[in-house]
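Written out below as structure tokens is the structure these notes cover.
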Amino acid sequence: MSDKIKVVVCSGTACFVMGASDILLLEENLPEDLQGRIELEGANCLGYCKDGANGKAPYVTVNGELISGATVLSVMNKIREIAYA
Amino acid sequence: MSDAQTQSSFIEVAHYQLYKSGQGAGGDTFLSQKNDSDGRVITVLSDGLGSGIKAGVLSTLTATMAMKFVAADMPIQRAAEIIMSTLPVCKERGISYATFTLVDIEPNSTVKIMEYDNPGYVLVRQDTVIEPIKNCASIERKNRKTAPQREAVVYYSDYRSRPGDRLVFFSDGVTQSGMGTKPYPLGWGAVRAQEFILEAVRESPEISARELAKRIVLKAQQLDCYRAKDDITCGVIYFRRPRDLLIMTGPPINPDHDTEMVRVFSSFSGKKIVSGGTTANILSRELGRKVTLNLRNIDPNIPPVSQMDGADLVTEGIITLGRVAEILEQGSRIGATASTERDRENGAGKIVEFLLDSDRITFVVGTRINDAHQDPNMPVELEIRRNIVKRIQMLLAEHYLKEVTIRYL
């Protein structure tokens, strides 16, 4: 697969305090097999926190797919899922 | 430029001084004060006869008396007479003597200047030197024996200041610098000093009063081959256009007001900061400009900053502003103005730099509350935006003497 997996991390207030600050450092924690496979981007506020139906902060999208209550692990799992699909 | 802006100028008064080489004390005195009662700014530069302590006594007496007398509305001629009769007599020379330049700026921007034996002041307006007409009057000395041979003549002039004006005045250490050297056998001279000032202003049109005074003094010292032959003092008064800063934070309580928020943002003529993710999104949407987050230098405590065309800085809201308040608080306690080292690169440190660099600060605060912030599971204390902004306003006004206005949307 040549296309990079796009990971957008919300860095709004709610997301940042709930753990987005760690996810922004995702590239440093990437296992070898996923290195160079992702394109990490921050967003100043994705706006998901305004609707409880979206779940909890922090929010991350991986190739457009929303992950709520995201952690480095859950984001990594999603990346792996897409990378090896 | 509108008339309203023409009216309100900030008066930056600064001076720079070097003592005569080898002297541990200065013979030039520079004093400045703002009269709280009537808003006048009075500044005096006095050069005492000789150098060192003796000259220091003469110039301190002269400057202090001149300042007090003028502040108390004593006619300057009478003030000058009293000063000259009061000054102690130099044992060696048998005369009592100290020069002065006194600048009295009224709140309506009328500038009155009295000069006695200092080199003439230089008024720079829009890259050129303006020379207001000077009237003169001679001062009677009661005791002729201790008076200098030459008649004492005080020059008066006044003019209405305009924003951007710079008034430069100095002791003869500036004009006589380099005297006796090959390039300037008679010293640097008033004309060349004037040219130097003009060149400095043309080169850096925004040069601060402090920086300009320093440059002039250091140049004079250089001409003296880095060993000042006299005390060298320069004062600069800069009628600066106030530096405006807008901080826009929080979405309006009513989404219908989004357009008003955008209008305020677009029409503001100073520096602009957007503090808040949603706020940035609203502006981005309404203006059709992209906001890009900068992922370099990630700070574990303060969210990263973004860029948007038309904004000087885009940051997250509550956490960043909370830290700004903390930095300002610490700074006011220890009297330091610089943000702490670890905040240098983050959004909070950057906002503080902008704040300290501005004279008038406008906050536009959207009061809509993000429910997600009220979740008791949030690990940090997330304050209500209004409270943080009020805290920042108080700190800026009381400890940093800034003019702060808050507008709620």
Quiz item: Per residue Cα convex hull volume for segment A:5-70, in cubic angstrom?
Solution: 72
Exercise. Can you check what the net charge comes to around residue A:62, using other residues whose Cβ is under 12 Å from the Cβ of residue A:62 (Lys, Arg +1; Asp, Glu -1)?
Key: +1
Quiz item: By its C-alpha gyration tensor, with a ≥ b ≥ c as the square roots of the eigenvalues, how is segment B:3-240 shaped: rounded for a/c under 1.5, else prolate for a/b larger than b/c, else oblate?
Solution: oblate
Quiz prompt | Net charge contributed by nearby residues that have their C-beta within less than 9 Å of residue B:304 (K/R +1, D/E -1) | solution = -1
Exercise. Working from Cα positions, state the angle (0 to 90°, nearest 10) between the long axis of helix B:347-356 and the longest principal axis of chain B.
Key: 30
Quiz item: Mind checking the log10 I(q)/I(0) for segment B:1-128 at q = 0.09, 0.19 Å⁻¹? Debye, one equal scatterer per Cα, no solvent, two decimals.
Solution: -0.30, -1.09
Exercise. Specify the angular offset, from 0 to 90 degrees and rounded to the nearest 10, of the alpha carbon long axis of helix B:189-203 from the longest principal axis of the alpha carbons in chain B.
Key: 10
Quiz item: Binned at 10 Å from 0, what are the whole-percent values of the Cα-Cα distance distribution for segment B:244-408, short to long?
Solution: 10, 42, 38, 10, 0
Practice problem: Please work out the ratio of the alpha-carbon Rg of segment A:35-85 to 2.2 N^0.38 Å and round it to two decimals. | Solution: 1.17
Exercise. Please build a GNM for chain A, connecting alpha carbons under 10 Å apart, and tell me which residue among A:12, A:42, A:52 fluctuates the most.
Key: A:52
Self-check item: Expected 222 nm ellipticity per residue - DSSP helices of 4 or more, -39500 (n - 2.57), all of the protein assembly as shown, to 500
Solution: -9000 deg cm²/dmol
Self-check item: Rounded to the nearest 20 debye, dipole of the protein assembly as shown from Cβ charges on Lys, Arg, Asp, Glu
Solution: 1580
Exercise. Let me know the mean shielding of A:43-56 by other chains, meaning the per-residue number of their Cβ atoms within 10 Å of its Cβ.
Key: 5
Exercise. Just list whichever of A:6/A:50; B:142/B:229; A:78/B:272 have alpha carbons separated by over 30 Å in the model shown.
Key: B:142/B:229; A:78/B:272
Self-check item: Choice from B:25, B:98, B:213 with maximal GNM fluctuation in chain B (Cα, 10 Å cutoff)
Solution: B:25
Quiz item: Tell me, Kirkwood radius of chain B from alpha-carbon pair distances, in Å?
Solution: 24.3
Exercise. Based on other C-beta atoms within 10 Å, arrange B:15, B:257 from fewest to most.
Key: B:257, B:15
Quiz item: Among the Cys residues of the protein assembly as shown, which have no other cysteine Cβ under 4.7 angstrom away?
Solution: A:45, A:49, B:90, B:136, B:225, B:234
Quiz prompt | Kirkwood-based Rg to Rh ratio, segment B:350-409, C-alpha trace | solution = 1.05
Quiz prompt | chain A: chymotrypsin sites (Phe, Trp or Tyr not before Pro) falling in loop per DSSP and having at most 15 other Cβ within 10 Å | solution = A:84
Quiz item: Can you pull the three principal axis extents for the Cα set of the protein assembly as shown, in Å, largest first?
Solution: 104, 47, 38
Quiz item: Mean 1/r over all different Cα pairs, inverted: what Kirkwood radius does segment B:146-192 give, in Å?
Solution: 13.9
Exercise. Mind giving me the nanometre distance, one decimal, between the label points for residue B:345 and residue B:206, set 7 Å out from Cα along Cα→Cβ?
Key: 2.5
Exercise. Please name which of B:123, B:22, B:278 has its Cα lying farthest along the dipole of chain B towards the positive end, using unit charges on Cβ (Lys, Arg +1; Asp, Glu -1) and the Cα centre as origin.
Key: B:22
Practice problem: Taking chain B as the reference, fit the longest principal axis to its C-alpha atoms, fit the long axis of helix B:52-71 to the helix C-alpha atoms, and give the angle between the two in degrees, 0 to 90, nearest 10. | Solution: 70
Quiz item: Mind checking the dipole of chain B: about its Cα centre, +1 per Lys or Arg Cβ, -1 per Asp or Glu Cβ, Debye to the nearest 20?
Solution: 980
Practice problem: Identify which of B:135, B:118, B:377 has the largest mean-square fluctuation in a Gaussian network model of chain B, with springs joining Cα atoms closer than 10 Å. | Solution: B:377
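Here, each number is a calculation from the coordinates, and none is a lab measurement. Predicted model, so just to flag it, every value in this text is computed and none were measured. Cβ atoms come from the backbone with ideal geometry, glycine included; neighbour counts cover every protein chain shown.
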